[in-house]
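What follows is a single structure, written as structure tokens, with notes after it.
The values are calculated or read from the model by the stated rules, or taken from the named source; none is laboratory data. Computed from a prediction, not measured in an experiment: that's the story for all the values here. Cβ atoms come from the backbone with ideal geometry, glycine included; neighbour counts cover every protein chain shown. Side chains included, ligands, DNA and RNA excluded: accessible areas come from the protein's heavy atoms. Shrake-Rupley method; radii C 1.70, N 1.55, O 1.52, S 1.80 Å.
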Amino acid sequence: PAVLGQIPQLEIIELNFDTDKGFSHCPDPLSNSAKQKLAETCAAEKVDLGACFSGDGSRVLFLDETGKAIRPDLAGVLMARSLIGAAGASNPIVVHDARCSRVLDEEMAAAGGKPVRDRVGRPYMKRALSDNEAIFGCEFTGQYYFRSNFNCESGVIALAHMLSIISAGATPLSEMVKPLQRYAHSGQIAFPADDSKARMRDIADKFRRGKIDYIDGITADMGDWWFNLRNSNTEPVMRLCLECTNPATLEDRLVELQTLLGNPIGPDRA
């Protein structure tokens, strides 16, 4: 409200703004405990947009008017298209991490921009934005970076952009996102990190017929599907992201990879 509360056309419904009462849910906006109350409020109040921030405000998850979460890389597509349109430059660059959908690459190219893929993590994304003079950066877990913010991430700036996009659009957010949901994506799946180097070598050998790179862990592009497997920067686990042309193929490929990786840790596709 301190930033946006003076806009007469904007009604703000506050949730969990009284920090003196302690914390009511996990600080990770992608967690189910963080999303639940917001999703219920979005649907009940018939809002246009919901926003759930991380504990320090650096990350944000957006929900549509039905209370459904928008995958962060797809929300990033909407913001990147808007920023490319406003850039007024030839081939403005957008940086994204190795987990993001190929939809982002396709949509950036169609909008006249140039996508650049880099490593997961704040230091790498900031460096990539600086080195490439990029206008925007997107991470799969809801970090959005802006050249206008000294290449730093900001959940509040991302919220302002999303409000502008919705205000300028003729359709609700759910309809804006629908054309971007053309691939089946696994989300992040955690696996034990025991002997991760050996397992990555085995996987690289098994999928050597594909186009492989090592920008962050191992990424194998198999044509109609791809996956990224990397060691987490923050936890002793390996994280897998997998994207296919349809859900049936996704399930088949997951079974194939799990024979090499073992059973997932914790909630499936957290």
> So how far, in whole Å, is the C-alpha centre of the stretch 22-97 from the one of the stretch 196-270?
Replying inline: 25 Å
>> Students sometimes get this wrong: rank 133, 175 by accessible area, probe 1.4 Å, all chains present, largest first.
In response: 133, 175
>> Taking 8 Å as the Cα distance limit and 6 or more residues as the minimum spacing, I'd like the relative contact order of the chain as a percentage.
In response: 14 percent
> Under a Cβ-Cβ cut-off of 12 Å, what is the net charge of the residues other than residue 179 that fall near it, where Lys and Arg count +1 and Asp and Glu count -1?
Replying inline: 0
> Are any of the pairs 37/68; 114/206; 21/126; 35/114 more than 23 Å apart by Cα-Cα distance, and if so, which?
Replying inline: 114/206; 21/126; 35/114
>> With every protein chain left in place and a probe of 1.4 Å, what is the accessible surface of residue 200, to the nearest 10 Å²?
In response: 30 Å²
>> Could you report the stretch 112-270's accessible area per residue, 1.4 Å probe, as an integer in Å²?
In response: 49 Å²
>> Give me the one-decimal Kirkwood hydrodynamic radius in Å for the stretch 216-266, with the sum taken over alpha-carbon pairs.
In response: 11.7 Å
> Over the stretch 1-144, what is the relative contact order in whole percent, taking alpha-carbon pairs under 8 Å and six or more residues apart?
Replying inline: 19 percent
>> Helix-only mean residue ellipticity at 222 nm, the chain, DSSP H runs n ≥ 4 weighted -39,500 (n - 2.57), per residue, nearest 500. What is it?
In response: -11000 deg cm²/dmol
> For the stretch 1-143, what is the percent of antiparallel DSSP beta bridges, rounded to the nearest 5?
Replying inline: 45 percent
> Please state the relative contact order of the stretch 90-221 as a whole percent: Cα pairs under 8 Å, 6+ residues apart?
Replying inline: 20 percent
>> Could you order the peptides 208-217, 176-185 from most to least packed, using the average number of other C-beta atoms within 10 Å per residue?
In response: 176-185, 208-217
> Taking the Cβ of residue 134 as the center, what net charge do the other residues with Cβ under 11 Å away carry, scoring Lys and Arg +1 and Asp and Glu -1?
Replying inline: +1
